[in-house]
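Novice: My questions all concern the structure below.
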Amino acid sequence: MYDHGANQPQLGRDEFLRRGRVAIRLDELLQDVNKLLDFSYVDEDILSLRNQMKLPLSLMGLANIHSSPEHHSSSPPSSASSALSDAVSPPPPKKRRLSSSSLSASDDEEDRPLAARMGLKTAGARSDKTSRAPASKSQRAGKKGPGIKSKGQTAPASLPPPTGREQDEMNGIIAPGPPIKVEDKMDEDQLTRLTTGVTLDSTGSAAPPVKTEKAAVGELRKGLITITAVENDKQPRSLVILTGLKTLFQKQLPKMPREYIARLVYDSNSKCLAIIKRGLKVVGGICYRPFPHRGFAEIVFFATASVDQVKGYGAMLMDHYKAHIRKTYPDMMHFLTYADNYAVGYFEKQGFSKDITLDRSVWAGYIKDYEGGTIMQCTMLRKVDYLNKPALIAAQQEAVMTKIREMSRSHIVYPGLPQFQNGYGDVTVDYRDVPGLKESGWTPTMASNPVRIISRSSDLYFMQKTMKDLKEHSAAWAFLAPVNGEEVVDYYDFIKEPMDFKTMGEKLEANMYPSVEAFLDDAQLVFDNCRRYNPEGSNYVKNANKMEKFLKDRVADRMKREQ
């Protein structure tokens, strides 16, 4: 860290700790590729993290004071971009810092405005004593540059090494505190209007607020990213994009075999949809296998770059994927995928469900069964334009609010009563003088005769709702009715206390469960009987385990709400 100018008294505690975390991340990346002692090795991630070791903006003045003016360079950095990058798309109007490091989204540099960051880079280029030479365009684009060197700097002899809490924060054991942002000062007019009780925006237009546009949508509209369909058609451009997708999937799905990912991505039966930036750099993608004759498609891989996940790339890519499938395969309305534990929540937000309504005979044997994954299904709606969902949701919301206004007066707001504006406490107001009170349906008898709340047994409601959900579960087909003794001759020889959901429903209607515990005991008896009679690993036992987990989750949710 001292080689990068990590002077703690000069930098401050927060900046010193931030550089420590960046240095640790650098060592981890170098260790992953067995290049920890190779000081000439660089790649895109290493260059991005090294850029974060520059002096902060507040210390650039000190760096310029100690720099020699004779070393200032007036020529711009050399242009070494590849011919492929320049030929594919024109350069963007503004320079953007490219980074694929997982730390770039949380460092302090992202909080600075663009002008400050550009000034920081310019000042860093003029100083050769406290910072290294700026990287060329080819180096920023991810090419290796073994010739890059950083000038060493001697640390003060009296500076002790970090210990205690500082060492814990540098090692990532204790999360650092959030950066403190200084608010802009308000002028005299704003302060005067605040003290008089007038909001700052009261003199502006009364137009409804505009919903903030997501970063991914804005980048797509400005042309910074594009979404393109690609397959292995042996064309050079397609092979470049497929290779980028393969690399992205291998990086974001480390537990998946790398050879397996490569085989599926390059397979001629696989189709892909990719989010690409300038130079055919892949930052997101989806690989799927369509089965038009079966009416469904299998989503094999889905991933976005770590630094771009907060921009909304995933949701935007899924919407474009649905629109692409509707246009390319009009009769294919179903998607199936195996999601790991970390992706289940995302797929649920995109319309996927764990309840598989598609008949098993349609998809069994066509998709690969992944161990430890959860199979999920999504069915598209023909009336929904997935590329214009905000307009559809806004129209539905407005329709609901219009209907509420027709049936209720909750949207009408009356001004405060003038009798209480002076702050007098002993003031009596006739109810007929309160505007809107009569229209709401209030009468004086309500004050003397309070409304009696009819109590309802929460236990009974919980058992009824749970019984309904158990019967409607996709894995409950084997437990809905008693076992037929004529079809399964020896069942009642093994099971002396049979139980099923139909019998439980009849007992619940007859009020035969004195408590929730008795209801849960019967449900547990259903699952235990299934495991006792059927061999382990059979579909019956798997369904019993699913139902048992579903019931335990419902009970845990209820206990959490009661606490």
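Novice: Would you check which residues across region 316-350 are closer than 23 Å to N388 by Cβ, out of contact with any Phe, Trp or Tyr (no Cβ under 9 Å at 6 or more places or on another chain) and either in contact (Cβ under 8 Å) with a residue 24 or more places away in the chain or in a helix (DSSP H, G or I) (or both) and list them?
Specialist: M316, H324, K327, T328, Y329, D331, E348, K349, Q350 - these are the residues of region 316-350 that are closer than 23 Å to N388 by Cβ, out of contact with any Phe, Trp or Tyr (no Cβ under 9 Å at 6 or more places or on another chain) and either in contact (Cβ under 8 Å) with a residue 24 or more places away in the chain or in a helix (DSSP H, G or I) (or both).
Novice: Same structure again: Would you please list the contacts, defined by Cβ atoms under 9 Å and residues six or more apart or on different chains, that run from a residue in region 484-507 that is outside the structural domain of Y533 (by TED's automatic domain parsing) and on the phi > 0 side of the Ramachandran plot to a residue that is in a loop (DSSP other than H, G, I, E, B) and of a type outside the set (S, T, Y)?
Specialist: Cβ pairs passing all conditions: none.
Novice: Moving to a separate point now. From the list D359, D319, D340, D355, which residue is of a type outside the set (A, V, I, L, M, F, W, C) and closer than 28 Å to T226 by Cβ? Working first, answer last.
Specialist: Values: D359 fails: closer than 28 Å to T226 by Cβ; D340 fails: closer than 28 Å to T226 by Cβ; D355 fails: closer than 28 Å to T226 by Cβ.
Sole residue among the options that is of a type outside the set (A, V, I, L, M, F, W, C) and closer than 28 Å to T226 by Cβ: D319.
Novice: Just to check your reading of the model, which residue among D331, D385, D359, D355 is surrounded by 10 or more Cβ atoms within 10 Å (Cβ to Cβ), farther than 16 Å from M318 by Cβ and modelled with pLDDT of 85 or more?
Specialist: Values: D331 fails: surrounded by 10 or more Cβ atoms within 10 Å (Cβ to Cβ); D385 fails: farther than 16 Å from M318 by Cβ; D359 fails: surrounded by 10 or more Cβ atoms within 10 Å (Cβ to Cβ).
Answer to the check: D355.
Novice: Right, something else. Looking at this structure, is K507 closer than 20 Å to K549 by Cα and either surrounded by 10 or more Cβ atoms within 10 Å (Cβ to Cβ) or at pLDDT below 90 (or both)?
Specialist: No; evaluated as a whole, the condition is false for this residue.
The values are calculated or read from the model by the stated rules, or taken from the named source; none is laboratory data. From a predicted model like this one, the values you see are computed outputs, not experimental measurements. Positions of Cβ are backbone-derived with ideal geometry, glycine not excepted, and every protein chain shown enters the neighbour counts.
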